[in-house]
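Heads up: the structure comes next, in C-alpha cells.
The values are calculated or read from the model by the stated rules, or taken from the named source; none is laboratory data. As the structure is a prediction and not an experimental result, all values here were calculated from the model. Positions of Cβ are backbone-derived with ideal geometry, glycine not excepted, and every protein chain shown enters the neighbour counts.
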Amino acid sequence: MRVRAVPKDQLPKISGESWIDRNRSPYAEGETAWVPVRDGEPYTREIPERCRYAGRGFVMIGNVAVCHGKRPPQKEVDEIVSFRHPDGVLWIDALEDATRTPKTEVLWGTAGEVCHRESGYVYFLNPRTVMFAQGNRNEKMRMARLVRDGQTGARVADMFAGIGYFTIPMAGSGASVHAMEINPVAFGYLTRNIEENHLSVQVQPALGDCRDLMTGEYDRVVMGHFDAICMLPKVMKHVHPGSVIHVHSIGAVENEIKTVIEGAGFSATIEVHKVKKYRPHEWHLVQDVGLS
C-alpha cells in the first residue's frame with residue numbers, strides 16, 4: 001500500500017484532496033498520519049499489506065489485549081501481538097466470588113491501569129483487578145437509548161455497577177443513577193469514572209451490598225449479574241407500576257421471574273434480548289420486565 005506522510009493535525013484540512021485512496025483507512029504513528037494514495041499519485045513510501053488475523057477472539061481494553069476461555073498457546077499470543085501491537089496480552093481465567101475479581105495471567109508484555117474509550121465515554125480501570133464488560137457494548141448502548149427514549153430524569157438503580165459500564169452511559173443519557181458496588185477496588189474506579197465523565201450530579205455512588213443499599217422506589221432497575229434472579233424479591237420492595245427491571249441471566253428465567261412478580265402483587269410483560277453467546281448452547285440474556 002502506498003502512503004503519504006501528513007502531520008496528524010492536518011488531516012481535517014486535506015479531507016477533500018483528490019489524491020487520497022478512500023477505500024483504505026489512514027493510520028497514525030506518533031504525530032504523523034500515513035494516508036493511502038491513489039494509483040499514479042506521489043507517495044512517501046510503500047508499506048506491506050497487513051495480514052488478516054485468523055486466531056482466537058480477544059478484546060482490547062485500553063491498549064491491553066484480553067483473552068477469555070482456555071489459556072491461549074504461545075503461537076496465538078504471538079499472533080495477537082503481531083496483529084494489534086498491544087502493551088500486553090492478558091488472560092482472564094475466571095471471575096471469583098461476589099466481587100467478580102478477575103483471576104488473571106499476563107501472557108506477554110505488561111498489563112496495568114488503562115484508559116479505555118467507548119461510545120464517547122472514558123473508563124479508567126486495571127483489567128487485572130476489576131471486571132470490564134467489554135462484550136456487553138451493544139447492551140450498554142441499548143440501555144442508554146432506553147433512558148433517552150423514556151421519562152426525563154428517571155431514577156435508576158444499577159445494582160452491580162462495577163466501574164460504571166452501565167451507569168456512565170445511562171447517566172450521560174439523562175438518568176439519575178443510584179450506582180451500587182460491593183468491590184472496593186471497582187468502586188474506586190467507579191467514582192473516578194463518574195468524575196472523569198463529568199457526571200457527579202447525575203450519579204449517586206454507594207459502596208456495599210446492593211440488597212442493603214436500595215432506597216425508595218426506582219423507575220428502572222438494572223440487575224447485571226447472572227445470579228440476579230435470586231435477588232429479585234428484594235427489588236420488588238423498591239419498584240412501582242410502570243417500573244422496568246432488566247434481569248440478566250444465563251439462559252431464560254422467565255417462569256421464575258413471573259413467579260416472583262405475581263407473588264409481589266404485580267403483573268408483568270417480559271421481553272427477552274440476547275446479549276452474547278456465553279458458552280456452547282447457552283446465551284447471556286436480558287429479560288426486560290415491565291410492571292403493571
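Go over the candidates Glu217, Glu271, Glu256, Glu262 one by one and state the one that is of a type in the set (Asp, Glu) and assigned to a loop (DSSP other than H, G, I, E, B).
None of the other options fit; the residue is Glu217.
May I ask you to list pairs of residues, at least six apart or on different chains, whose Cβ atoms are under 8 Å apart, with the first in the stretch 121-140 being more than 18 Å from Val185 (Cα to Cα) and the second being of a type in the set (Lys, Arg) and part of a strand (DSSP E or B)?
Correct list of pairs: Gly135/Lys276; Asn136/Lys276.
Would you tally the residues in the stretch 141-152 being surrounded by fewer than 14 Cβ atoms within 10 Å (Cβ to Cβ), assigned to a loop (DSSP other than H, G, I, E, B) and touching a residue at least 24 places away in the same chain (Cβ under 8 Å)?
1
Out of (1) outside any loop (DSSP other than H, G, I, E, B); (2) of a type in the set (Gly, Ala, Ser); (3) in contact (Cβ under 8 Å) with a residue 24 or more places away in the chain, the odd one out for Gly188 is which?
Against the list (1) outside any loop (DSSP other than H, G, I, E, B); (2) of a type in the set (Gly, Ala, Ser); (3) in contact (Cβ under 8 Å) with a residue 24 or more places away in the chain, Gly188 comes up short only on (3).
Out of the residues in the stretch 1-29 that are closer than 23 Å to His85 by Cα and touching a helix residue (DSSP H, G or I) at 6+ places or on another chain (Cβ under 8 Å), state the one that is surrounded by the fewest Cβ atoms within 10 Å (Cβ to Cβ).
Ala28
Looking for something of a type in the set (Ser, Thr, Tyr), more than 29 Å from Val221 (Cα to Cα), outside the structural domain of Ala175 (by TED's automatic domain parsing) and out of contact with any strand residue (DSSP E or B) (no Cβ under 9 Å at 6 or more places or on another chain) - is there at least one such residue anywhere in the stretch 47-68?
Of the residues in the stretch 47-68, the ones of a type in the set (Ser, Thr, Tyr) are 53.
From what's left, more than 29 Å from Val221 (Cα to Cα): 53.
Pick out the ones that are also outside the structural domain of Ala175 (by TED's automatic domain parsing) and you get 53.
This time we only want the ones that are out of contact with any strand residue (DSSP E or B) (no Cβ under 9 Å at 6 or more places or on another chain), so: 53.
So far as the stretch 47-68 goes, yes, one or more of its residues are of a type in the set (Ser, Thr, Tyr), more than 29 Å from Val221 (Cα to Cα), outside the structural domain of Ala175 (by TED's automatic domain parsing) and out of contact with any strand residue (DSSP E or B) (no Cβ under 9 Å at 6 or more places or on another chain).
Determine which member of the set Asp39, Asp93 is outside any strand (DSSP E or B) and among the acidic types (Asp, Glu).
Matching residue, one of Asp39, Asp93: Asp39.
Return the pairs, sorted by first residue and then second, in which the second residue is at pLDDT below 90 and among the hydroxyl-bearing types (Ser, Thr, Tyr), the first residue lies in the stretch 266-292 and is farther than 16 Å from His240 by Cβ and crowded, with 17+ Cβ neighbours inside 10 Å, the beta carbons are less than 8 Å apart, and the residues are 6+ apart or on different chains.
Listed by first residue and then by second, the contacts come to His284/Tyr278.
On the given criteria, is Leu107 at pLDDT below 85 and either crowded, with 18+ Cβ neighbours inside 10 Å or in a strand (DSSP E or B) (or both)?
Values: at pLDDT below 85: no; either crowded, with 18+ Cβ neighbours inside 10 Å or in a strand (DSSP E or B) (or both): yes.
Judged against the criteria, Leu107 is not a match.
Of the residues Val81, Val77, which is touching a Leu at 6+ places or on another chain (Cβ under 8 Å) and assigned to a helix (DSSP H, G or I)?
Val77
Inspect the stretch 196-211 for any residue being farther than 14 Å from Phe166 by Cα, surrounded by fewer than 21 Cβ atoms within 10 Å (Cβ to Cβ) and under 19 Å from the mean Cα position of the chain (by Cα) and give the result as yes or no.
yes
Okay, residues lined up against (1) of a type in the set (Lys, Arg); (2) over 16 Å from the mean Cα position of the chain (by Cα):
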position: Arg45; (1), (2): yes, yes
position: Val66; (1), (2): no, no
position: Arg71; (1), (2): yes, yes
position: His85; (1), (2): no, yes
position: Trp91; (1), (2): no, yes
position: Trp108; (1), (2): no, yes
position: Lys140; (1), (2): yes, no
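Taking the condition surrounded by 18 or more Cβ atoms within 10 Å (Cβ to Cβ) and of a type in the set (Gly, Ala, Ser), does Gly162 pass?
Spelling it out, Gly162 is indeed surrounded by 18 or more Cβ atoms within 10 Å (Cβ to Cβ) and of a type in the set (Gly, Ala, Ser).
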